[in-house]
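To keep things clear, I will list the structure first and then write my remarks on it.
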Amino acid sequence: MSNQIRFGIKTTPMHVGYQDILRVWQEADAEPEIDDAWLWDHLMPLAGPKNGQIHEGWTLLSALAAQTTRLRLGLLVTSNRIREPAVLGKIANTVDVVSDGRLVMGLGVGGTHQPAGAGGIAGPNPAVEEYEAYGLTLVPPAEGIARLAETITILRRMWTEDVFDFDGRYYRLRGTRNEPKPVQRPGPPLLIGGWGTRMLRLVAEHADIWNIPGPPHNDVQRVADRSRVLDGHCAAIGRDPAEITRSVQVIVSQDDAPGSRQAVLDLARVGMTHIVLSLRSPYPPGVTRWLVDEIIEPVRATLSRG
């Protein structure tokens, strides 16, 4: 099992400067045990001082893509509510070219109407304040999923067709062209993040990779339950569930390496094969080496013993 587990890192670009993020990514680029690196897609801090610095995700990703050479990379996950689908397709296409084919296209519904405490985040839905500040609109969850499905179709057509029109319920395009095409053909792998039952149907239909936030947002049993729901959707449409990589985010604590290791082990034992280790800022020098020494290598060794 240990050889099947891949590890990534996530640097949440909130209350931390660009140079610190760049340093961590370049450190990770030199660590063969780390396969990929991720940002998020928010425009205001979700925690801590509201006036804290935060960088726009895709702009930052392009800068980091140009200054790394090995890591696969992406946003975990892109909000489908911030950019129009064809504009997003052009942005993602550019990052794949800049990175020489290392992009993973991470996508999520984005801001929807949710009750307080949804997604394991205590308090009111943080998307309300964020979207109001940037002139964006929240939508009902069902509409958000339907919009995301249209976006997926548009992206794939942009990456494979010379010119096309699109008539959806929410988006309409005429004479869309996209050159150059991505380095990866027929396009970057598609990661979809989410855990609702309707969302998991979309994952079964379209995703190469499924990602869910793990501890502390969703405990291990919740992750295992959602994975079984995805299996059921795959069976219903005749897709082999093994075709979809099971990916999970884990917030790691540099003050509690044993606890973080145990969380990763528990997730691996319920079938998660891609573990994204999410770091809290600030990032001390050598933090990626710490992840390898204290989390990745001990977990691999434990799993190899059975």
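The values are calculated or read from the model by the stated rules, or taken from the named source; none is laboratory data. What you are looking at is a predicted structure, and each value in this text was computed from that prediction instead of being measured. Cβ placement follows ideal geometry from the backbone for every residue including glycine, while neighbour counts extend to all protein chains displayed. For the accessible areas, the whole protein counts, side chains as well, though only heavy atoms, and no ligand, DNA or RNA atoms are used. Shrake-Rupley method; radii C 1.70, N 1.55, O 1.52, S 1.80 Å.
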request  = List the number of the failed condition for PRO115; all other conditions in (1) open to solvent by 60 Å² or more (accessible area, probe 1.4 Å); (2) part of a helix (DSSP H, G or I) hold.
outcome  = (2)
task = Scan the range 72-90 for residues that are without any contact (Cβ under 8 Å) to a residue 60 or more places away in the chain, touching a strand residue (DSSP E or B) at 6+ places or on another chain (Cβ under 9 Å) and either part of a loop (DSSP other than H, G, I, E, B) or aliphatic (A, V, I, L, M) (or both) and jot them down.
result = LEU73, LEU75
ask   = Just checking, how many residues over the range 129-145 are over 14 Å from HIS206 (Cβ atoms), among the hydrophobic types (A, V, I, L, M, F, W, C), part of a helix (DSSP H, G or I) and open to solvent by less than 60 Å² (accessible area, probe 1.4 Å)?
value = 1
task = Can you tell me which residue within the range 240-252, out of those that are surrounded by 14 or more Cβ atoms within 10 Å (Cβ to Cβ) and part of a loop (DSSP other than H, G, I, E, B), is modelled with the lowest pLDDT?
result = VAL252
inquiry  = Here are the criteria: (1) open to solvent by 20 Å² or more (accessible area, probe 1.4 Å); (2) on the phi < 0 side of the Ramachandran plot; (3) over 15 Å from the mean Cα position of the chain (by Cα). Tell me which single one VAL77 does not satisfy.
reply    = (3)
ask   = Say we look at the range 185-197 and pick out the residues that are open to solvent by 30 Å² or more (accessible area, probe 1.4 Å) and either in contact with an Asp or Glu (Cβ under 9 Å, 6 or more places away or on another chain) or of a type in the set (A, V, I, L, M, F, W, C) (or both); which of these is modelled with the highest pLDDT?
value = PRO189
query = Using beta carbons and a limit of 6 Å, which pairs, at least six apart or on different chains, have the first residue in the range 14-40 and farther than 12 Å from ALA65 by Cα and the second one polar (S, T, N, Q) and surrounded by fewer than 21 Cβ atoms within 10 Å (Cβ to Cβ)?
reply = HIS15/SER281; VAL16/SER281
task = Take the residues in the range 263-293 that are in contact with a helix residue (DSSP H, G or I) (Cβ under 6 Å, 6 or more places away or on another chain) and among the polar types (S, T, N, Q), then tell me which one is surrounded by the most Cβ atoms within 10 Å (Cβ to Cβ).
result = THR288
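Filter the range 294-306 for residues that are part of a helix (DSSP H, G or I) and surrounded by fewer than 16 Cβ atoms within 10 Å (Cβ to Cβ) and give the result. Steps first, answer last, please.
Of all residues in the range 294-306, those part of a helix (DSSP H, G or I) come to 294-305.
Of everything in the range 294-306, those that are part of a helix (DSSP H, G or I) and surrounded by fewer than 16 Cβ atoms within 10 Å (Cβ to Cβ) turn out to be GLU297, ALA301, SER304, ARG305.
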inquiry  = Regarding the range 92-101, can at least one residue be identified that is open to solvent by less than 60 Å² (accessible area, probe 1.4 Å), under 27 Å from GLY168 (Cα atoms) and among the hydrophobic types (A, V, I, L, M, F, W, C)?
reply    = yes
task = Kindly list the number of the only condition in (1) at pLDDT 95 or above; (2) under 20 Å from GLY194 (Cβ atoms); (3) of a type outside the set (A, V, I, L, M, F, W, C) that fails for THR68.
result = (2)
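How about the range 165-211: which of its residues are aliphatic (A, V, I, L, M), assigned to a strand (DSSP E or B) and closer than 14 Å to ALA149 by Cα? Give the steps one after another, and end with the answer.
Taking the range 165-211 first, the residues aliphatic (A, V, I, L, M) are 173, 183, 190-192, 199-200, 202-204, 207, 209.
Filter once more, so that each one left must be assigned to a strand (DSSP E or B): 173, 190-192, 209.
LEU190, LEU191, ILE192 - these are the residues of the range 165-211 that are aliphatic (A, V, I, L, M), assigned to a strand (DSSP E or B) and closer than 14 Å to ALA149 by Cα.
Does THR11 qualify as being hydroxyl-bearing (Ser, Thr, Tyr) and under 16 Å from the mean Cα position of the chain (by Cα)?
On the way: hydroxyl-bearing (Ser, Thr, Tyr): yes; under 16 Å from the mean Cα position of the chain (by Cα): yes.
When the stated conditions are applied, THR11 passes them.
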ask   = Do you know which residues across the range 185-220 are in contact (Cβ under 8 Å) with a residue 60 or more places away in the chain and more than 23 Å from PHE166 (Cα to Cα)?
value = GLY193, GLY194, ILE209, ASN211, PRO213, PRO216, HIS217, ASN218
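Please specify each residue of the range 173-184 satisfying the condition of being touching a residue at least 40 places away in the same chain (Cβ under 8 Å) and open to solvent by 60 Å² or more (accessible area, probe 1.4 Å). Give the derivation first.
To start, the set of residues in the range 173-184 that are touching a residue at least 40 places away in the same chain (Cβ under 8 Å) comprises 173, 176, 178, 180-184.
Scanning the range 173-184 gives PRO180, VAL183.
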key: Number of positions in the range 14-67 that are touching a Leu at 6+ places or on another chain (Cβ under 9 Å) and not in a helix (DSSP H, G or I)   = 16
query = Which of the residues spanning the range 146-172 are open to solvent by 30 Å² or more (accessible area, probe 1.4 Å), in contact with a helix residue (DSSP H, G or I) (Cβ under 7 Å, 6 or more places away or on another chain) and of a type outside the set (Gly, Ala, Ser)?
reply = ARG169, TYR170
